[in-house]
Amino acid sequence: MKHRYWTFAALVLCGSAFAQTAAKVEKRDMALVGSHDLQGRSAYQPLVHKQGDRWIAYVGHHGGLSRNPLSGAEEPNGTSILDVTDPKSPRYLAHVPGEAGKDEAGGAQMVRVCDGSKLPKGDKSKVYLLRSYGDTAHEVWDVTDPAKPASLATVVGKLKGTHKSWWECDTGIAFLVSGAEGWRARRHPQVYDLSDPAKPVFVRNFGLPGHEPGASGPVPSTLHGPISTGAKHNRVYFAYGANSRGVLQIVDREKLLNGPKEPTPENLVYPQIARLDFPPQFGAHTSFPVLGMEVAEFAKDKEARTRDFVVVTGETFRNECQEARQMVVFVDVTDETRPVGVSSWAVPEKSGDFCSRGGRFGTHSSNESFAPVYYKRIMFFAHFNAGVRALDIRDPFRPREIAYYIPAVTSRTEKRCVGKGAEERCRIAIQTNNVEVDERGYIYAVDRANTGMHILRLTGAAREATK
């Protein structure tokens, strides 16, 4: 496939809910419902899963160390499990320790959950958690009783990198982010069959040409994460290069699973439908498909009234704007072989003097839920010190911000610094890291700088966009 280059137009038990006293909340048409300090752990990915008549939040954490009041012990950051059935009073149920180490080198950042009743070979009475274990492994846990998680299986170990994987609950196929021995990329795709979570079956390794063992020349951007639309729509969307040299790769899922698996350049390209290489300053952290969009502006057009898009979000790395700004890019993939960027969006810096607030300013991630309450209408983006931002995406050519919420810092919030030695400067700022929604419409934002989790809802005029 040709590579296409283009530019863009432009609380409670064991960890109570915390009071926001250190600074004022900033908000528009988004309100706080409840919050939890997550034991002061740096949080990465939240996911909310309905289990029986309860709603359970699973939160992955960056590496670090904090005291767990449930055990009374200092534990490496891992996975927090909370009951959020009543979002006003989230209740901490369990902490599953992760790998020792700091930041990206430890913890257990990724979480995915599937019911055994949906998995082809799962125990129908059980609920399963797939998570990364630091940078070295992927694990499956039995979380049928979320207060008593039990280790079930190690999917794969002895890795040199992990990150944000995807698990299809109806098929059991998992697209893992791994760094396998011999592969040149620290993170590339691995495919496993987890239809029986207790008995993982390896399917194949995958990646961009140049990732594979024995290749030469520059190593292409490493994988950040995949999103699959499953067997029905037969596509997997891979995002490589979270902060720069971003790549959106659209892959035929059936060819990926059943095509030739020897990692030659030809076999790696075989399932590829399109590859879009971004300019160097643009990253691709999250690639979220929004398919079958009926755009009102084109309702009277004879052709192309319905279109497909992938919303690509880059991740800001450096504090206080010491690099190119990362943003959201809307890519029209109606003709999958010719993807084209049609719009971009980011919070205007002047709207809050964000470069001077401390910490990172710019996008990090979008929600990844396909819940009908918001899908094709509203998306939510974590924007670090600019908090959570809600966009009306019903016209992807003209995305429009309709609400935002910037939490207050607390005594838990960790400082962020720039410079070294006598020139070092540190500030305390909110660092909204990831955001997700549940089928009830609640919004879950977690903080990288130890400020915990905020459960939010849309209010005012923003609620109209959900109808």
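The values are calculated or read from the model by the stated rules, or taken from the named source; none is laboratory data. Predicted, not measured: the structure shown is a model, and the values here were computed from it. Reconstructed Cβ throughout: ideal geometry from the backbone, glycine too, with neighbour counts over all protein chains shown. Ligands, DNA and RNA are excluded from the accessible area calculation, which covers all protein heavy atoms including side chains. Shrake-Rupley method; radii C 1.70, N 1.55, O 1.52, S 1.80 Å.
A Förster distance of 56 Å, applied to the separation of the beta-carbon atoms of residue 294 and residue 88, puts the FRET efficiency at 0.95.
Quick one: compute the contact order of segment 295-352, relative version, from alpha carbon pairs under 8 angstrom and 6+ residues apart, as a percent.
Details: 68 pairs, mean separation 15.2, N = 58.
This gives 26 percent for segment 295-352.
Note on residue 102: aspartates and glutamates with a C-alpha under 15 Å away, same-chain residues under 8 apart excluded, are 74, 75, 135, 414. Ordering 66, 417, 208 by the projection of their Cα atoms onto the charge dipole of the chain, which places +1 on the Cβ of Lys and Arg and -1 on the Cβ of Asp and Glu, puts 417 at the extreme positive end. Stretching residue 336 away from residue 411 to a fully extended chain increases their span by 22.2 nm, per 0.36 nm per residue minus the current alpha-carbon distance. With the charge dipole of segment 261-370 set up from +1 on Lys and Arg Cβ and -1 on Asp and Glu Cβ about the Cα centre, the Cα lying farthest toward the positive end among the listed residues 276, 337, 358 is that of 358. In this structure the amide hydrogen of residue 26, modeled in the peptide plane, comes within under 5 Å of the amide hydrogens of 406, none closer than 5 places in sequence on its chain.
With all protein chains present, how much of the accessible area of the chain (probe radius 1.4 Å) comes from carbon and sulfur, to the nearest whole percent? Intermediate values should be presented prior to the final figure.
Numbers: 8870 of 18110 Å².
C and S atoms contribute 49 percent here.
Listed by chain and number, the lysines placed with their C-alpha closer than 19 angstrom to that of residue 27 are 88, 350; residues fewer than eight positions away on the same chain are left out.
Which shape class, rounded, prolate or oblate, goes with segment 198-303 when its Cα gyration tensor gives a ≥ b ≥ c as root eigenvalues, a/c under 1.5 marks rounded, and past that a/b bigger than b/c marks prolate? If you can, show how the numbers build up before the last one.
Working: a/c = 2.12, a/b = 1.40, b/c = 1.52.
Oblate.
Couplings 3J(HN,Hα) for segment 449-461, derived from phi with the Karplus relation 6.51 cos²θ - 1.76 cosθ + 1.60 (θ = phi - 60°), are 9, 6, 7, x, 10, 10, 9, 10, 9, 6, 9, x, 5 Hz, where x marks Gly and Pro. Here segment 121-173 is treated as an ellipsoid with the same Cα gyration tensor; its semi-axes, largest first and in whole Å, are 20, 14, 9. The charge dipole of the chain, taken about its Cα centre with unit charges on the Cβ atoms of Lys, Arg (+1), Asp and Glu (-1) only, comes to about 520 debye. On the beta carbon distance between residue 254 and residue 422, with R0 = 45 Å, the FRET formula returns roughly 0.15.
Can you give the helix-only mean residue ellipticity at 222 nm for the chain, where every DSSP H stretch with n ≥ 4 adds -39500 (n - 2.57) and the sum goes over all residues, rounded to the nearest 500 deg cm²/dmol? Show your work: numbers first, answer last.
Details: 3 runs with 15 residues, N = 467.
Rounded to the nearest 500, it is -500 deg cm²/dmol.
For segment 217-340, the Cβ-based charge dipole about the Cα centre amounts to some 120 debye (Lys, Arg positive; Asp, Glu negative; other atoms uncharged). Projected label points at residue 50 and residue 117, each 7 Å from Cα along the beta carbon direction, are separated by 1.0 nanometres. Applying both filters, DSSP loop and at most 10 other Cβ atoms within 10 Å, to the trypsin sites (Lys or Arg not before Pro) of segment 327-430 gives 420. Loop-located GluC sites (Glu not before Pro) across segment 55-142 with a Cβ neighbour count of 16 or fewer within 10 Å are lacking, with loop assigned by DSSP.
Estimated at the nearest 10 Å², the accessible area of residue 301 is 60 Å² with a 1.4 Å probe.
At R0 = 22 Å, how high is the FRET efficiency between residue 26 and residue 322 if r is their beta carbon distance? Nearest 0.05 is fine. Could you put the intermediate results ahead of the total?
Working: r = 23 Å, r/R0 = 1.06.
Calculated transfer efficiency: 0.40.
With a threshold of 28 Å on the Cα-Cα distance, the over-threshold entries among 164/199; 50/261; 24/467 are 50/261; 24/467. Per-peptide packing, taken as the mean over residues of other Cβ atoms within 10 Å, places 148-154, 196-202, 35-41 in the sequence 35-41, 196-202, 148-154 from highest down. Think of a 1.4 Å ball rolled over the protein heavy atoms: the chain then has 39 Å² of accessible area per residue.
Mind checking Rg over Rh on the chain, alpha carbons, Kirkwood formula for Rh? Value, to two decimals: 0.94. Label sites at residue 65 and residue 376, each approximated as a point 7 angstrom past Cα along Cα to Cβ, lie 5.1 nm apart. Farthest toward the positive end of the dipole of the chain, out of 285, 132, 198, is the Cα of 285, where the dipole comes from beta carbon charges about the Cα centre. Per-residue surface analysis assigns residue 374 an accessible area of about 10 Å², computed on protein heavy atoms at 1.4 Å probe radius. In order along segment 183-198, the Karplus-derived 3J(HN,Hα) couplings, from 6.51 cos²θ - 1.76 cosθ + 1.60 at θ = phi - 60°, round to 7, 7, 8, 5, 9, 8, x, 10, 10, 10, 8, 10, 4, 10, x, 7 Hz, and Gly and Pro are given as x. Note that segment 385-400 has calculated 3J(HN,Hα) couplings of 6, 9, x, 9, 10, 10, 10, 7, 10, 5, 10, x, 6, 9, x, 9 Hz, one per residue in order, obtained from phi through the Karplus relation 6.51 cos²θ - 1.76 cosθ + 1.60 (θ = phi - 60°); glycine and proline are x. Over what distance in Å are the Cα centres of segment 172-207 and segment 83-131 separated? Cα centroid to Cα centroid, the span is 19 Å.
Among the GluC sites (Glu not before Pro) found in segment 218-316, those both in a DSSP coil and sparsely packed, with 16 or fewer other Cβ atoms within 10 Å of their Cβ, are 303.
Testing the spin-label approximation: label points 7 Å from Cα along Cα→Cβ at residue 234 and residue 73. State their distance in nm. For the pair residue 234/residue 73, the computed spacing is 5.0 nm.
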